[in-house]
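Enquirer: Quick one: the structure is below, questions incoming.
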Amino acid sequence: MRILLALLLLLCTACSRIEIAKRWGDTFLWWQVNDLVEYSSAVKAEARKQTDQMYATIQAKGFPAWAEQMEAFKAKVEAKSLKQEDVSNSMQELRKQFEQLGKDLQPNVLALIDLMGEKEFQNLIRNYRKKIEKEQSEAEDVKSQREAVEERYVSAIEFFVGSLIGPQEKLIKDFMTNEPYPYQLQLKNKRRYLEMIEATKGDKEKLKSLAKDFSVINSSLEAAEFHSARAAYVEKMDQLTFKVLEQMTEKQRKHLSAKLGEVAKVLRDGKVPL
């Protein structure tokens, strides 16, 4: 899901440079996968073929669904009838769509596992552990971590509504100060995933079984403590988003409507700026 979210974020930030950015979607996805596994030259072409197919599936199934959702949200904005439940339902639907894509991409994930040898398995363990260690180091600097989250959120919001006004900035600042993301629990959960992967000892059938479980019942594989903490944070984040939108100026409302339409059109046309 994290890769899919990153793809959508790239979409949202690249609409103004479609011809350049649209060529990079498949490459971005390949980098995300190969950065962890580092496939050997003997199987790299076939592995890249699988990630290209994954990207094609996202284009065919994910983008139309996202476009439809943005158009529905745009209608609410233009009717000036936006409510808290509209924001919550929209975000919830987006998360469901990501979960469905996880299932749709499962055959390619299993094929990528089949292409792994002992070296690739050890690469996966080593690189995933390094990522966790890097994130642990970053999470220890609470202030910088909070500022990074705030910067990403503000960037996403301003893409859609334009420059924020004082009351909106205060809402966001207060939220980021008082509602920190549960990073330590997330890292603990990632270490749990790493242990699950290590426990397979590189056995492909066990790895594929784990991948199937992860794509279908992701939440049940999460540690209960992290699952609850993240769900609570997501709910509060949805509430924050509504409060920010509730204070939109007319200029911001028009900007939001235009951007939603712009992104939806790009998705509909298949000219995806990734």
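Enquirer: Which entries of LYS49/LYS74; LYS61/LYS206; LYS74/LYS208; LYS76/LYS96 have Cα-Cα distances beyond 30 Å here?
Expert: Flagged as over cut-off: LYS49/LYS74; LYS74/LYS208.
Enquirer: Using only Cα atoms, tell me the angle between helix 166-178 and the longest principal axis of the chain; keep it within 0 to 90° and round to the nearest 10.
Expert: Helix 166-178 sits at roughly 40 degrees to that axis.
Enquirer: Would you calculate the separation in nanometres between label points at GLN59 and VAL43, each defined as 7 Å from the Cα along the Cα-to-beta-carbon direction?
Expert: For GLN59 paired with VAL43, the spin-label model returns 2.6 nm.
Enquirer: Considering only C-alpha atoms, what is the centroid distance from the range 234-255 to the range 20-95, in Å?
Expert: The two parts, judged by their Cα centres, are 23 Å apart.
Enquirer: To the nearest 0.05, how large is the calculated FRET efficiency for GLU147 and LYS103 if R₀ is 41 Å and r is the Cβ-Cβ distance? Don't skip to the end; give the middle numbers.
Expert: Numbers: r = 36 Å, r/R0 = 0.87.
For GLU147 and LYS103, the calculated efficiency is 0.70.
Enquirer: Helix 118-139 versus the longest principal axis of the chain: what angle, 0 to 90°, nearest 10, using Cα atoms?
Expert: 40
Enquirer: Quick one: grab the alpha carbon gyration tensor of the range 60-178, order the square roots of its eigenvalues as a ≥ b ≥ c, and give me rounded if a/c is under 1.5, else prolate or oblate depending on whether a/b is larger than b/c.
Expert: Oblate, since a/c reaches 1.5 and b/c is not below a/b.
Enquirer: Mind checking which aspartates and glutamates have their Cα closer than 18 Å to the Cα of LYS251? Skip sequence neighbours fewer than 8 apart in that chain.
Expert: Cross-link targets: GLU78, GLU158, GLU169, GLU262.
Enquirer: Can you pull the one-decimal nm distance between simple spin-label points at LYS212 and GLU133, each 7 Å off the Cα toward Cβ?
Expert: Modelled inter-label distance: 3.4 nm.
Enquirer: For the range 134-274, rounded, prolate or oblate, judged on the Cα gyration tensor with a ≥ b ≥ c (square roots of eigenvalues), a/c < 1.5 rounded, else prolate if a/b > b/c?
Expert: Because a/c hits 1.5 or more and a/b fails to exceed b/c, the range 134-274 counts as oblate.
A short reminder: the numbers here are calculations on the coordinates, not readings from a lab. Nothing here was measured: the structure is a model prediction, and the numbers come from that model. When we count neighbours, we look across all protein chains shown, and the Cβ atoms used for this are built from the backbone with ideal geometry, even at glycine.
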